[in-house]
Structures are given as structure tokens and as C-alpha cells.
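Trainee: After the C-alpha cells below, expect a handful of questions from me.
The values are calculated or read from the model by the stated rules, or taken from the named source; none is laboratory data. A quick note: this is a predicted structure, and the numbers were derived from the prediction, not measured. Neighbour counts run over all protein chains shown; Cβ positions are idealised from the backbone, glycine included. The area values use the complete protein model at the heavy-atom level, side chains included, leaving out ligands, DNA and RNA. Shrake-Rupley method; radii C 1.70, N 1.55, O 1.52, S 1.80 Å.
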Amino acid sequence: MSTEPRSEPDTENAPAPPRRRVGVLAVVAVLVFGLDLVTKVIIASTLDGREPVRILGGLVYLQLIRNPGAAFGMANGMTWLLALVAIGVVVSLIWFARRLRSVGWAIGLGLVLAGALGNLSDRIFRSPGPFRGHVVDFISLFAPNGSTWPAFNVADSAICVGGALIVLLSLLGREYDGSVRSGRK
């Protein structure tokens, strides 16, 4: 047993950790969720029963499509399960948010949170009923009806962009707590 006094960490000169970024996550999530909601209301009120609107020379078609499942035609009829998964994602992101200290991660997770909330709100509040509601999709690439690429909406785009940003940050060694992982082990 050593009788030498233990040195205390120098907390006075240690750099302060980066600020928490919950506010960034919240602002991104609220803005993108609002954009998703507004676009779905506009599309549902203006394109219901209409032919697809061709824009950008047929690169994009705007068309109201009510989706009972997930992307790529998966999980049709499993809306209740998709809603439960979305609830789990939302709760996990909210719980995790207090540990965020990276702006990039806050933006990425804010986008994922907004997308999950956007599609969850459709599943809960749209017809045919609670936890059976169909998601409003309205962007179809290259051809109408989602025949070339699955139709999507702002929420779906937010989830994809947010997920890609998180993967990129991870590959670059940027951690959610604001630290940078070195390449050496």
C-alpha cells in the first residue's frame, strides 16, 4: 500500500465539455415535422382524386398515395406494428437527446425524430383509424404511382438524410458527445 498522496485531477484547467445540443435537435425536429405536416395537408386537399402532376420533365411526379405499409411495399397490413416501432424510436431519441453535445448528431437525430413523428402521426390520426392509418406519400420519381421508385414524403426524406448524416459522422469519428475518435487503437 502506497503512502504517497494521490493527485487530484486538475478540473480548474480542464476544458469544459461542449454544450448540450438538445435545443438544436428540438428546433430541427419541430421545423421538419411542421414541413411534413403542411405538405401532407396541402397534397391531401389538392391532389385527392386527381391525376399525377408531372414536374421537372417527368423526373418527379406529385401524386396522393395512401401507404398502409412501409417502404418498398413491405409490411402491408402491419401499420400497428410500424406505429409501435416508431413510438419506440421517438421515446429512445428523446431519452438520448440529453446526452448530445455534437451539432451534427443533433441535426441528424432531429431529422430522424421528425420523420418518425411525421409518419407516426399519419398512422395514429389518418383513416382508416388509430394505429391503422395510412401514411400520405406524394413524391414519385421517374414515373407515377411509385412504380419505378417507392413514393415517399418529407418524413421519409428526413429519416434517410438524418440516417446518412449519422453514418457519415460515425465514419469520420465524430461522437454524439462532441468528442472525436482517433484512428489509433
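Trainee: Among the residues of the stretch 92-141, count how many are in a loop (DSSP other than H, G, I, E, B) and either touching a helix residue (DSSP H, G or I) at 6+ places or on another chain (Cβ under 8 Å) or under 27 Å from Ile42 (Cβ atoms) (or both).
Mentor: Of the residues in that region, 12 qualify.
Trainee: Given the conditions (1) modelled with pLDDT under 95; (2) polar (S, T, N, Q); (3) open to solvent by 50 Å² or more (accessible area, probe 1.4 Å), which single one is not true for Thr79?
Mentor: Status for Thr79: all satisfied but (3).
Trainee: Which residue is modelled with the highest pLDDT, if the candidates are limited to the stretch 142-177 and must be part of a loop (DSSP other than H, G, I, E, B) and buried (at least 18 other Cβ atoms within 10 Å of the Cβ)? Don't jump to the end; show me each part of the working.
Mentor: First pass over the stretch 142-177, keeping only residues part of a loop (DSSP other than H, G, I, E, B): 142-143, 147-151, 153, 172-173, 175-177.
Cutting the leftovers down to buried (at least 18 other Cβ atoms within 10 Å of the Cβ) gives us 150-151, 153, 176.
Details: Pro150: 91, Ala151: 94, Asn153: 97, Tyr176: 91.
That would be Asn153.
Trainee: Across the stretch 51-63, what is the number of residues that are part of a strand (DSSP E or B) and open to solvent by less than 30 Å² (accessible area, probe 1.4 Å)?
Mentor: Our first condition is that a residue be part of a strand (DSSP E or B); within the stretch 51-63, this holds for 53-55, 60-63.
Retained after the next criterion (residues that are open to solvent by less than 30 Å² (accessible area, probe 1.4 Å)): 60, 63.
Total satisfying the criteria: 2.
Trainee: Search the stretch 82-103 for residues being of a type outside the set (A, V, I, L, M) and without any contact (Cβ under 8 Å) to a residue 12 or more places away in the chain, and hand back the single one that is least open to solvent (accessible area, probe 1.4 Å). Walk me through it before giving the result.
Mentor: So the first thing to find is which residues in the stretch 82-103 are of a type outside the set (A, V, I, L, M), and the list is 88, 92, 95-96, 98-99, 101-102.
Within this subset, residues satisfying the condition of being without any contact (Cβ under 8 Å) to a residue 12 or more places away in the chain are 88, 92, 95.
Numbers: Gly88: 33, Ser92: 66, Trp95: 140 Å².
Ranking the qualifying residues of the stretch 82-103, first place goes to Gly88.
Trainee: Follow-up. Any residue that is in a loop (DSSP other than H, G, I, E, B) and surrounded by 13 or more Cβ atoms within 10 Å (Cβ to Cβ) - is there at least one of those in the stretch 32-50?
Mentor: From the stretch 32-50, those in a loop (DSSP other than H, G, I, E, B) are 47-50; that's our starting set.
From the residues that got through so far, the ones that are surrounded by 13 or more Cβ atoms within 10 Å (Cβ to Cβ) too are 47.
Within the stretch 32-50, one or more residues are in a loop (DSSP other than H, G, I, E, B) and surrounded by 13 or more Cβ atoms within 10 Å (Cβ to Cβ).
Trainee: Taking the condition of a type outside the set (Ser, Thr, Tyr), at pLDDT 90 or above, surrounded by fewer than 20 Cβ atoms within 10 Å (Cβ to Cβ) and under 17 Å from the mean Cα position of the chain (by Cα), does Val136 pass?
Mentor: Numbers: of a type outside the set (Ser, Thr, Tyr): yes; at pLDDT 90 or above: yes; surrounded by fewer than 20 Cβ atoms within 10 Å (Cβ to Cβ): no; under 17 Å from the mean Cα position of the chain (by Cα): yes.
Taking the combined requirement at face value, the residue does not satisfy it.
Trainee: If I go through the stretch 16-31 residue by residue, how many of them are within 13 Å of Gly118 (Cβ to Cβ) and either open to solvent by 50 Å² or more (accessible area, probe 1.4 Å) or without any contact (Cβ under 8 Å) to a residue 40 or more places away in the chain (or both)?
Mentor: Residues in the stretch 16-31 being within 13 Å of Gly118 (Cβ to Cβ) and either open to solvent by 50 Å² or more (accessible area, probe 1.4 Å) or without any contact (Cβ under 8 Å) to a residue 40 or more places away in the chain (or both): 2 in total.
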